[in-house]
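**Student:** Dropping the structure in here first, questions after.
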Amino acid sequence: MESEVNLTKTYDAIVIGSGAAGGMAAHVLTSHGLQVLLLEAGKKLPIEKELRSMEWPYDNPYRGSLPPDQHSLTFNEYTIRNPPYGAGFEKAKHLRSYVGNTDYLKNIVVDERDNPFTGTNYAWVRARCLGGKTNIWGRLALRLSDYDFKAKSRDGYGEDWPISYSDIAPYYDKVDLYLGITGVKENLPHLPDSIFQRPTKLNCAEVTLKDSLAKMGRVLTQYRAGVTTDGLKHNKYRSRCYGRGACERKGGCDIHAAFDSSTGLIYPAMDTGNLALRTNAVVREITIDPQTGNASGVHFIDNQTMKDYAVHAKVVVVAASTLESARLLLLSKSRLHPNGLANSSGHVGHNFCEHIMGPGVAGRAKNLVGKPPTLDDGRPGGFYLTRFRNLAEKNPKFIRGYGFEGGGGSTMFPRGTDAHGFGAAFKEEVRKNQGAFIGMGAFGEVLARYENYVDLDPVVKDKWGIPALRFHYKFGDNEHRMAEDMKETAQEMFEAAGFEIVRVNSRVLTEGWSIHELGTARMGSDPKTSVLNQFQQSHDVKNLFVVDGSAFVNASCQNPTWTIMSLCWRSCDYLADEMKKGNL
Ligand SMILES: Cc1cc2nc3c(=O)[nH]c(=O)nc-3n(C[C@H](O)[C@H](O)[C@H](O)COP(=O)(O)OP(=O)(O)OC[C@H]3O[C@@H](n4cnc5c(N)ncnc54)[C@H](O)[C@@H]3O)c2cc1C
Ligand code: SF4
């Protein structure tokens, strides 16, 4: 499906990266008739063969685990060892992030050795292939609200976004309709509803929890998944979800009911005839016209041959994911932009934020112990327990909020049974208890702070000779106080629902674990304290746009991908309009 790339042509736009943001940019710009070149550092994988969503564990030589010559980093390794994770892993030919711990994901997530980084501990999960992380994302698709966009006006911390919910709401609607989302309307001001397709069903234990929470004024709703449950007539590359249960296995969906950027956005964009795609293209620098200081194109290295190429465009759209985009801006230093591109403010790489996770609880619905098994994993997710802190009330210990993702019931691999012993008695214990399982884990807002940042390592380089990213990033007191509260409220809510508590997780997971990195080129109205304007256009370089999570002003506690794509759609509409007017 890859098209010929004409390196002598000046494209209307070059888009760097093919994940949620790059795919959306390609879709919107080509639909406006622009000639677009999409550059992706990784390969186009035979993705259905990688994911094999219907394969049973006993049909896999490793029962779904990694082959013996590969290793995926564990919590302790992230915590005790210092990046880059080279020495100490000699037996492993390939080293993967914690996510890459299955046979199905081994070619999707990067080899940490080829892609090193340094500095403070960080569980950095990267997927270098067509579609990026959307091939394996968890699909929880949530909107932000003015509780997030105007958070500073509410609690005085940080900055407000230069947009309000009303600016982005029409674009959330467009994303819902174009890509499909399942869920249930709740009419919550802090978690606006989407235009939902057929919802999935809560199971018995989940309904018990929902009813109990309602008495506490808290809202549990069906998992809002970026999955089409009714199908999408306008997209021939995707099928509707028929609940095969493979979502549970943590991997992609090989019939593409779950959104991924390739089938959801890039293939339809190629069908317009306006998109050229070049994979294996590792962009190492955005080039500048020395007369105007504007972007003129990019240099990229072929991932396989190591050959260097230059290609030109009227506009450069950066969508390499929050941290890679910051790296690319910092790499693109020139006489006119000595601090890195778009960085006259000095804010590129700073205000880096994300979600804190770890605290949670596992329990047993006693009335379900010993009941016949039910099919509970034939759906793309369990439930989402929406934020309840710092809405009407002000918490004395921390600002901002958190939500819980969770689920219960029988799944392919029994969960949380705490059964001990051996042989037949052990199996009987597992069988009896597994359908009664219910568990949930929190995701909370990490505050955007200038002191949390990334820069370039002066020594370490990746396989392509490109300087590696160096982390200076730690959770702060607000996050740790919030994590304490997560642990307490999780127990309190399970106890109130009458569940027997089997396990309480109080450990905070390593920075980065949420895979929701945001904020390294934030938007704002003041060019002195922000990198981009409200249309994700550089304040300094008017034909440069950064359309991924870099632009976020704060992380909120909602998962970011639906917002990344909605903002990107809005910005690309603006870009196309400006181009038509001759301003770009
Ligand atoms: C296991 C997992 C679960 C997740 N669950 C959720 C969830 O439930 N909800 C949610 O909202 N989000 C979730 N996420 C996060 C979600 O995947 C990301 O928010 C989303 O993919 C970000 O899109 P992006 O385009 O910015 O980055 P990516 O999807 O990472 O795409 C970036 C692309 O740019 C390419 N690239 C990078 N550098 C260069 C370069 N120099 N030159 C050329 N190309 C380059 C990469 O190869 C990649 O393909 C999850 C992620 C993972 C891995
Ligand atoms: S449950 Fe639905 S979305 Fe999940 S893997 Fe199966 S078909 Fe795909």
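**Student:** Plugging the Kirkwood radius over Cα pairs into Stokes-Einstein for the range 57-174, at a temperature of 37 °C and a viscosity of 0.692 mPa s, what D comes out in µm²/s?
**Tutor:** Once the numbers are plugged in, D ends up at 189 µm²/s.
**Student:** What ranking of 284, 387, 507 comes out by heavy-atom accessible area, probe 1.4 Å, highest first? Don't skip to the end; give the middle numbers.
**Tutor:** On the way: 284 65, 387 20, 507 130 Å².
From most exposed to least exposed: 507, 284, 387.
**Student:** Right, something else. Loop only by DSSP, 12 or fewer other Cβ within 10 Å of the Cβ. Give me the trypsin sites (Lys or Arg not before Pro) in the range 113-188 that pass, ordered by residue number.
**Tutor:** For trypsin sites (Lys or Arg not before Pro) across the range 113-188 that sit outside H, G, I, E and B with at most 12 neighbouring Cβ atoms in 10 Å, the list reads 185.
**Student:** What aspartates and glutamates sit close enough to residue 427 to cross-link, taking a C-alpha to C-alpha distance under 17 Å and skipping anything fewer than 8 places away on the same chain?
**Tutor:** 418
**Student:** Using +1 at the Cβ of each Lys and Arg and -1 at the Cβ of each Asp and Glu in the chain, identify which of 97, 353, 468 lies farthest towards the dipole's positive end.
**Tutor:** 97
**Student:** Quick check: Cα centre of the range 475-517 to Cα centre of the range 169-212, how many Å?
**Tutor:** Here the answer is 23 Å between Cα centres.
**Student:** In deg cm²/dmol and to the nearest 500, what is the mean residue ellipticity at 222 nm of the chain if only DSSP H runs of at least 4 residues count, each as -39500 (n - 2.57), divided by the residue total?
**Tutor:** Here the helix-only value at 222 nm equals -6500 deg cm²/dmol.
**Student:** Between helix 423-434 and the chain, what is the angle of the helix's C-alpha long axis to the longest principal axis, kept within 0 to 90° and rounded to the nearest 10?
**Tutor:** Helix 423-434 sits at roughly 70 degrees to that axis.
**Student:** Please state, to two decimals, what the Cα-based radius of gyration of the range 431-479 comes to when divided by 2.2 N^0.38 Å (N = residues).
**Tutor:** Scaled against compact globular proteins, the figure is 2.06.
**Student:** Describe numerically, in nm with one decimal, the distance between label points set 7 Å from Cα along Cα→Cβ at residue 496 and at residue 244.
**Tutor:** With each label placed 7 Å out from Cα toward Cβ, I get 4.0 nm.
**Student:** To the nearest 0.05, how large is the calculated FRET efficiency for residue 48 and residue 392 if R₀ is 30 Å and r is the Cβ-Cβ distance?
**Tutor:** Efficiency for this residue pair is about 0.05.
**Student:** If you don't mind, another one. With respect to the cross-link table entries 133/371; 49/236; 9/542; 236/307; 314/474; 474/528, which display a Cα-Cα separation exceeding 27 Å?
**Tutor:** Working: 133/371 38 Å; 49/236 19 Å; 9/542 21 Å; 236/307 36 Å; 314/474 39 Å; 474/528 25 Å.
Flagged as over cut-off: 133/371; 236/307; 314/474.
**Student:** Relative to the Cα centre, what is the charge dipole magnitude of the chain, using +1 at the beta carbon of each Lys and Arg, -1 at the beta carbon of each Asp and Glu, and rounding to the nearest 20 debye?
**Tutor:** Around 620 debye, computed over the chain.
**Student:** Let me ask another. After finding the eigenvalues of the alpha carbon gyration tensor for the range 183-286, what semi-axes result from the square roots of 5 times each, listed largest first in whole Å?
**Tutor:** In descending order, the three semi-axes are 35, 17, 15 Å.
**Student:** Shifting gears a bit: Kirkwood Rh, the range 9-95, all Cα pairs: how many Å?
**Tutor:** Roughly 17.1 Å, rounded to one decimal.
**Student:** Pop the C-beta distance of residue 120 and residue 336 into the FRET formula with R0 = 41 Å and round what comes out to the nearest 0.05. Please list the in-between numbers first.
**Tutor:** On the way: r = 32 Å, r/R0 = 0.77.
In this case the efficiency is close to 0.80.
**Student:** Please label the shape of the range 287-356 as rounded, prolate or oblate, based on the square roots a ≥ b ≥ c of the eigenvalues of the alpha-carbon gyration tensor (a/c under 1.5 means rounded; beyond that, a/b larger than b/c means prolate, else oblate).
**Tutor:** Details: a/c = 2.17, a/b = 1.21, b/c = 1.79.
Oblate, because a/c is 1.5 or more while a/b does not exceed b/c.
**Student:** Roll a 1.4 angstrom probe over the protein heavy atoms and tell me the percent of accessible area of the chain that is carbon or sulfur.
**Tutor:** 52
**Student:** So, for the range 43-99, what is the accessible surface per residue at a probe of 1.4 Å, expressed in square angstrom?
**Tutor:** So the range 43-99 comes to 59 Å² accessible per residue, rounded to a whole number.
**Student:** What translational D, rounded to a whole number of µm²/s, comes out for the range 136-243 from Stokes-Einstein when the hydrodynamic radius is the Kirkwood one over Cα pairs, at 10 °C and 1.306 mPa s?
**Tutor:** The Stokes-Einstein estimate is 101 µm²/s.
**Student:** Checking a compactness column here: for the range 340-412, what do you get for Rg(Cα) / (2.2 N^0.38 Å), N being the number of residues?
**Tutor:** 1.80
**Student:** Also, I was wondering about something else. In whole angstrom, how long is each semi-axis of the equivalent ellipsoid of the range 246-321, when you take the square root of 5 times every eigenvalue of its Cα gyration tensor and sort them from largest down?
**Tutor:** Its equivalent ellipsoid spans semi-axes of 31, 16, 12 Å.
**Student:** Follow-up question, since we're still on this one. Which chymotrypsin sites (Phe, Trp or Tyr not before Pro) in the range 218-325 pass both tests, a DSSP loop state and at most 13 other beta-carbon atoms within 10 Å?
**Tutor:** 242
**Student:** Another question, if that's okay. Using the heavy atoms of the protein chains and a 1.4 angstrom probe, tell me the accessible area per residue for the range 441-527 in square angstrom. Kindly include the intermediate steps, with their values, before the conclusion.
**Tutor:** Numbers: 3380 Å² over 87 residues.
Per-residue accessible area for the range 441-527 comes out at 39 Å².
**Student:** Still on this structure: Output ³J(HN,Hα) for the range 515-529: one whole-Hz value per residue in order, computed from phi by the Karplus curve 6.51 cos²θ - 1.76 cosθ + 1.60 with θ = phi - 60°, and x for Gly and Pro.
**Tutor:** Per residue, the Karplus-derived 3J(HN,Hα) values read 6, 10, 6, 8, x, 7, 8, 5, 8, x, 8, 9, x, 6, 10 Hz.
**Student:** Let me ask you something else. How large is the dipole of the range 1-115 about the Cα centre if only Lys and Arg carry +1 and Asp and Glu carry -1, each at its Cβ, rounded to the nearest 20 debye?
**Tutor:** 180
**Student:** Right, next: For q = 0.17, 0.23, 0.26 Å⁻¹, what log10 I(q)/I(0) does the range 500-575 give under the Debye formula with an equal point scatterer on each alpha carbon and no solvent?
**Tutor:** Relative scattering, expressed as log10 I(q)/I(0), comes to -0.67, -1.03, -1.20.
**Student:** Let me test this: with uniform point scatterers at the alpha carbons of the chain, what is the Debye-based log₁₀ I(q)/I(0) at q = 0.05, 0.08, 0.09, 0.13 1/Å?
**Tutor:** Reported log10 I(q)/I(0), two decimals: -0.20, -0.52, -0.66, -1.46.
**Student:** Express in Å², to the nearest 10, the accessible area of residue 347 obtained by rolling a 1.4 Å probe over the protein heavy atoms while all chains stay in place.
**Tutor:** 20
**Student:** May I pose another question? Roughly how big is the range 500-575's charge dipole about its Cα centre, with Cβ charges of +1 (Lys, Arg) and -1 (Asp, Glu), in debye to the nearest 20?
**Tutor:** So the magnitude is around 60 debye.
**Student:** What whole number of Å gives the distance from the Cα centroid of the range 318-346 to the Cα centroid of the range 542-579?
**Tutor:** 17
**Student:** In whole angstrom, note down how far apart the Cα centers of the range 249-310 and the range 429-470 are.
**Tutor:** 24
**Student:** Next question, about the same structure. Of all DSSP beta bridges in the chain, what percent run antiparallel (nearest 5)? Before the final figure, lay out the partial values.
**Tutor:** On the way: 51 of 76 bridges.
Antiparallel bridges make up about 65 percent of those DSSP assigns within the chain.
**Student:** Given a 1.4 Å probe, how much area per residue of the range 183-283 is accessible, in Å²? Present the calculation step by step, with values, prior to reporting the outcome.
**Tutor:** On the way: 3870 Å² over 101 residues.
Spelled out: the 1.4 Å probe surface of the range 183-283, per residue, equals 38 Å².
The values are calculated or read from the model by the stated rules, or taken from the named source; none is laboratory data. This one's a predicted model, so the numbers in the text were calculated from it and none came from an experiment. So basically every Cβ, Gly included, is an ideal-geometry build from the backbone, and we count neighbours across all protein chains shown. Keep in mind that these areas ignore ligands, DNA and RNA; they rest on the heavy atoms of the full protein, side chains included. Shrake-Rupley method; radii C 1.70, N 1.55, O 1.52, S 1.80 Å.
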